[in-house]
Amino acid sequence: MQKILLVDFAFIGSQGGGHLEVYFMNILSILIKNNYFVYACCGNNQKLIKNIEQEKLNNCKVINLNIKPLDKIIYKLLLTIDSFLPKLPMMQYFRFGSLINLMNVKKLIKDLDEEIPVFFTHADSIIPAVPTFISRFFMPSQWVGLYVQPSYQSKIQCGLETSRIYFNREKNFALPSCKGIIVLHPIYQKFFSKTIKEITCFFIPELVNSKQLARATINTELLQKIKEKAQGRKIISILGILTSRKNLPLFLESASKLDSKKYFFLVLGELRLTELNTIEEDIKKIEFYKDKLNDNSYIDLDYYISNEEEFDTFIRLSDIVFLHYRRHPFSSNILIKTMAYRKPVVVSKGYIMEKTVNQYNWMTATENNPEHIANAIQDLVHTNYEIDESSYSYFMEDYSPERFESVILQACSTFNK
């Protein structure tokens, strides 16, 4: 039985880590099923232990990170160095604080007292943006990682500085210890194959029919309340953590252009506006349209959707899902879920999400201003959401759990080669 260490320090939160938790648990289950003994550590080991007990998983052991006072001093020093780096011309796109998680992985391996391969289920939070002649000394001898947000087009959303930091992080993929990187869209695979000759890069489909995390609670009372208020009108929703990129003001302004007797608007999630230069304007718009749409909407900006099953329930409740993100060049797990439930979507033009819907001839609206979005939504309703069944079959085949499992095992097969 081959041993492996599964790590994700970004899996946090008292109620779990959303998509991160789902990916971690699915990968853990796949490895155990395929005769691996898994040492597991994440940012919420208590929740991880509960999940393992509920799912009755064997052949795995949760290991805790033992951080000593000296470690904390070193970490503080690294963060202090980072505060000076932006002022240094040759060092402004490095971040030595990003070494901390990798150093913690090194500690885990040392405590295990054996050199075993490592699987990073969220490589973004572990691979450091430091010169590779430094990072190579902290890397496990063999590792693979699931990498979610590459530097490809990241300048659009994150700006030049963050994009360059991501690029420096990705130089680690050329190290001999890196046995493979797993990405969530074929375009990322092409990007890395061109930019890093030494890389072994796998494309993995986003999880659709994910492993159910035991006994998820769904707010059935809220579900019924929304249905009663909607009164049979078409429900158009925007769900999840409502950061600036979710484009809530555009959603509400578009909603105000539609007939209140025919359409109902659901906004459910935690409002976390992140773009400082637009926060004040966004809040004014949100409050204005919230009042204007009082009779044909249910808006809760403080609601935490606690698990994937509850999220799926609200997608199924919706007739159309709004995914017209602001400057979002990346793929989207919510888009894939929505398509799996055969729901039409509203997405933004020119990025990976539009490429995905076009690939499967999906029912979509890609307009950029409120009037055009409102008209496109009406058109979607009038077509009665007709689906190209052959395209849908291809989609479900491409995003099958079997394909997801196959890629995980392919990546792990690179160990010891």
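Going by what's in this entry, would L20 be described as modelled with pLDDT of 95 or more and not hydroxyl-bearing (S, T, Y)?
Here the answer is no, as L20 does not meet what is asked.
Scan the helices (runs of 4 or more DSSP H) fully inside region 120-198 and keep the ones with 2 or more residues being in the same structural domain as M90 (by TED's automatic domain parsing) and surrounded by fewer than 17 Cβ atoms within 10 Å (Cβ to Cβ).
Here the list reads 132-135, 160-170, 186-195.
Could you give me the residue pairs with C-beta distances under 6 Å whose first residue belongs to region 274-300 and is surrounded by 15 or more Cβ atoms within 10 Å (Cβ to Cβ), whose second residue is basic (K, R) wherever it lies, and which are 6+ apart or on separate chains?
Once the first residue is surrounded by 15 or more Cβ atoms within 10 Å (Cβ to Cβ) and sits in region 274-300, its partners that are basic (K, R) give Y298/K229; I299/K290.
In region 11-18, is there at least one residue being surrounded by fewer than 19 Cβ atoms within 10 Å (Cβ to Cβ) and assigned to a helix (DSSP H, G or I)?
no
Restricting to region 331-386, name every residue that is among the hydroxyl-bearing types (S, T, Y) and within 17 Å of K234 (Cβ to Cβ).
Once the filter is applied, which keeps residues that are among the hydroxyl-bearing types (S, T, Y) and within 17 Å of K234 (Cβ to Cβ), region 331-386 yields T338, Y341, T364, T383, Y385.
In region 390-411, which residues are touching a residue at least 60 places away in the same chain (Cβ under 8 Å) and part of a helix (DSSP H, G or I)?
M396, D398, P401, R403, F404, E405, V407, I408, L409, Q410, A411, listed by residue number.
When you go through (1) part of a strand (DSSP E or B); (2) hydroxyl-bearing (S, T, Y); (3) out of contact with any strand residue (DSSP E or B) (no Cβ under 7 Å at 6 or more places or on another chain) one by one for Y298, which number turns out not to apply?
If we test Y298 against (1) part of a strand (DSSP E or B); (2) hydroxyl-bearing (S, T, Y); (3) out of contact with any strand residue (DSSP E or B) (no Cβ under 7 Å at 6 or more places or on another chain), just (3) comes out false.
Would a scan of region 93-100 turn up a residue that is in a helix (DSSP H, G or I) and exposed (fewer than 15 other Cβ atoms within 10 Å of the Cβ)?
No; the residues of region 93-100 include none that is in a helix (DSSP H, G or I) and exposed (fewer than 15 other Cβ atoms within 10 Å of the Cβ).
Pairs under 7 Å by beta carbon, first residue among the small types (G, A, S) in region 125-146, partner in a loop (DSSP other than H, G, I, E, B), six or more apart or different chains?
Every condition considered, the pairs that remain are S125/F9; S125/A10; A129/F94; S135/P128; S141/E115; S141/S177; G145/I127.
Given the criterion among the basic types (K, R) and outside any helix (DSSP H, G or I), identify the matching residue among K61, K76.
Of K61, K76, the one residue that is among the basic types (K, R) and outside any helix (DSSP H, G or I) is K61.
Can you give me the number of residues within region 25-43 that are in contact with a helix residue (DSSP H, G or I) (Cβ under 8 Å, 6 or more places away or on another chain) and assigned to a loop (DSSP other than H, G, I, E, B)?
The qualifying residues number 1.
Assess whether L213 counts as being at pLDDT below 95 and not assigned by TED's automatic domain parsing to the domain that holds V22.
Yes.
Among the residues of region 102-132, which ones are small (G, A, S) and modelled with pLDDT under 95?
S125
Do we have any residue at all in region 359-380 that's in a helix (DSSP H, G or I) and under 21 Å from P205 (Cβ atoms)?
The answer is yes; a qualifying residue exists.
Restricting to region 368-407, name every residue that is surrounded by 15 or more Cβ atoms within 10 Å (Cβ to Cβ) and in contact with a strand residue (DSSP E or B) (Cβ under 8 Å, 6 or more places away or on another chain).
If the condition is that a residue be surrounded by 15 or more Cβ atoms within 10 Å (Cβ to Cβ) and in contact with a strand residue (DSSP E or B) (Cβ under 8 Å, 6 or more places away or on another chain), then I373, A376, I377, L380, V381, V407 are the ones that fit.
Is it the case, given these coordinates, that I74 is among the hydrophobic types (A, V, I, L, M, F, W, C), more than 20 Å from A40 (Cα to Cα), in contact with a Leu (Cβ under 9 Å, 6 or more places away or on another chain) and surrounded by fewer than 16 Cβ atoms within 10 Å (Cβ to Cβ)?
Criteria not met by I74.
Can you name the condition, by its number, that E308 falls short on among (1) surrounded by 14 or more Cβ atoms within 10 Å (Cβ to Cβ); (2) without any contact (Cβ under 8 Å) to a residue 40 or more places away in the chain; (3) of a type in the set (D, E)?
(2)
The values are calculated or read from the model by the stated rules, or taken from the named source; none is laboratory data. The structure displayed is predicted, hence computed values, not measured ones. In this analysis, Cβ positions are derived from the backbone assuming ideal geometry, glycine residues included, and neighbour counts consider all displayed protein chains.
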